[in-house]
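Report on the following structure.
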Amino acid sequence: MKRFSASLSALKPDGTNIGLMLLIAFALALFSILLPGRFLTDSTFLSMAFQLPELGLLTLAMFIAILSGGLNLAIITTANLTSLFIAWVLLSMLPDGASTGQQLLWLALAVIGAMIIALVIGVITGVMVTRIGAHPILVTLATMMTINGIGIWLTKGAAVSGMPAVVRALGSNTLLGVPLPLWVFLIAAALLALFLGKTRAGKCIYMGGSNINATWFSGVNTHRMVVLVYVISSLLCVLAGLIMMARFNSARMGYGDAYLLLTVLAIILGGTDPNGGFGRVTGVVLALVALQILSTGFNLMNISQHVSLAMWGAVLIVVLAFKQGKARLNESRAVKRSKLLSTALNPLTHKKEV
């Protein structure tokens, strides 16, 4: 019974989630008024459902890194490099006129190979952060530049196109009326939420994000924890790269470069502490939905993408400033309470001494 009540309490939305739900409702109402007959349509929502998973999977990859107190600037280049590998395997190994079963088999083998590449990238990144002691920003920046250079050198900057039917189906088909890419994103988000909330490793990631030194002295191998974080982040990038390749029918270094800012914005807007240690997958998912609705509405209003990008940056600055101001306000209140408590206890202590 206690477990059941605890599960129910965990499902209750917090203040951030309620605020995001209100933002989503407000955005839907606003665009339905500004764009009558154009926004609230099946085609619009289906388009949003196809677009959300790319950014969503990359955001989850960034989320777990930020949650641990780090950062992963190499998520997009990792996604593109692994998608190039998948495309190369399919185009070079898949025989002409292959059946659906053969296509699925080679796709599975290609994805496994891409995951091995992502595993190597994650391990190298984690080891550099833990053993060398370099800041995650510098490490992942170096990783991003290295991966980008390797990908451009291998492809000479060109796109690898002409994916088999199975891959194209993944990017365009639906299951029970829901796009297949959205199913991939929802399953990945649910598994990540379960991992972070129900496993010892997930709870250690929260602890490490709050205070890495205290976590180490409590008996947790923080080196392994950090390596695990970047491995999971890189593996999520494989799924993101696969979805992008399926939707664009091609793979190329440079796809999704504009997503990096949006992943951080969605994570911070979803209530995650930028310093690590606090955040929920549900908040990130709701923030992604809100940003997707706003982006689609702006596109239908023919607002320039450059203006939208500048606006996302401004929103990120405002959200960060608000969080910092709120943290300082809470800190000052705690100091005042401590002083009042000390003042109230002093007379009692003085009487006892007398």
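The values are calculated or read from the model by the stated rules, or taken from the named source; none is laboratory data. A quick note: this is a predicted structure, and the numbers were derived from the prediction, not measured. Positions of Cβ are backbone-derived with ideal geometry, glycine not excepted, and every protein chain shown enters the neighbour counts. Just so you know, the surface numbers come from the protein's heavy atoms only, side chains and all, with ligands and any DNA or RNA stripped out. Shrake-Rupley method; radii C 1.70, N 1.55, O 1.52, S 1.80 Å.
Considering the alpha-carbon set of the stretch 132-209 alone, what are its Rg and its Dmax in angstrom?
Calculated on Cα positions, Rg and Dmax stand at 18.8, 49 Å.
Which semi-axis lengths, in whole Å and largest first, follow from the square roots of five times the eigenvalues of the Cα gyration tensor of the stretch 15-145?
They are 34, 28, 11 Å, listed from largest to smallest.
Estimate the FRET efficiency between Ala159 and Lys198 by the formula 1/(1 + (r/R0)^6), using the beta-carbon distance for r and 45 Å for R0, to the nearest 0.05.
Given R0 = 45 Å and the Cβ-Cβ separation, E is 0.65.
When ligands, DNA and RNA are left out and all protein chains stay put, how many square angstrom of accessible area per residue does the chain have with a 1.4 Å probe?
Values: 18680 Å² over 354 residues.
Per residue, the chain has an accessible area of 53 Å².
Leaving out ligands, DNA and RNA, what percent of the accessible area of the stretch 175-277 is carbon and sulfur, probe 1.4 Å? Mind showing how you got there, number by number?
Numbers: 2860 of 4370 Å².
After summing per-atom areas, the C and S share lands at 65 percent.
If I take the Cα coordinates of the stretch 222-263 and project them onto the principal axes, what are the three extents in Å, biggest first?
Cα spread of the stretch 222-263 along its principal axes, largest to smallest: 39, 20, 14 Å.
Give me the dipole magnitude in Debye, nearest 20, for the chain about the Cα centre, with unit charges on the beta carbon: positive for Lys and Arg, negative for Asp and Glu.
The dipole magnitude comes to about 1380 debye.
What nm distance separates the two modelled labels at Ala29 and Ser92, each placed 7 Å from Cα along Cα→Cβ?
5.6 nm
Can you give me the angle between helix 15-34 and the longest principal axis of the chain, using Cα atoms only, in degrees from 0 to 90, rounded to the nearest 10?
50 degrees
Working from Cα positions, state the angle (0 to 90°, nearest 10) between the long axis of helix 180-198 and the longest principal axis of the chain.
Between helix and principal axis, roughly 30 degrees.
Report the one residue of Ser172, Gly297, Tyr206 whose Cα lies farthest in the direction of the positive end of the charge dipole of the chain (charges on C-beta: Lys and Arg +1, Asp and Glu -1; origin at the Cα centre).
Positive-end residue among those listed: Tyr206.
Mind checking the log10 I(q)/I(0) for the stretch 164-307 at q = 0.11, 0.15, 0.17, 0.21 Å⁻¹? Debye, one equal scatterer per Cα, no solvent, two decimals.
Each listed q corresponds, in turn, to -0.54, -0.94, -1.13, -1.44.
Quick check: the angle from helix 281-300's long axis to the longest principal axis of the chain, C-alpha only, nearest 10 degrees?
Approximately 60 degrees, to the nearest 10.
Using only the alpha-carbon atoms of the stretch 186-251 as identical scatterers, what base-10 log of I(q)/I(0) does the Debye formula give at q = 0.14, 0.23, 0.29 Å⁻¹?
At q = 0.14, 0.23, 0.29 Å⁻¹ the computed log10 ratios are -0.51, -0.95, -1.22.
Could you work out which residue, out of Leu269, Leu176, Leu109, moves most in a Gaussian network model of the chain, that is, has the largest mean-square fluctuation with Cα springs under 10 Å?
Leu176
Run the numbers for Ala258 and Met311: contour at 0.36 nm per residue of separation, minus the present Cα-Cα distance, in nm. Mind showing how you got there, number by number?
Details: separation 53, 0.36 × 53 = 19.08 nm, distance 1.32 nm.
Length difference between fully extended and current span is 17.8 nm.
Per DSSP H run of at least 4 residues, take -39500 (n - 2.57); add these up for the chain, divide by its residues and hand me the 222 nm value, nearest 500 deg cm²/dmol.
Value at 222 nm, helices only, nearest 500: -26500 deg cm²/dmol.
From the Cα trace of the chain, what convex hull volume per residue do you get, rounded to a whole Å³?
Numbers: hull volume 68.8 nm³, N = 354.
So the per-residue hull volume is 194 Å³.
Given labels modelled 7 Å from the Cα in the Cβ direction, how far is it in nm from Asn213 to Leu104?
Reported label-point gap for Asn213 and Leu104 is 5.4 nm.
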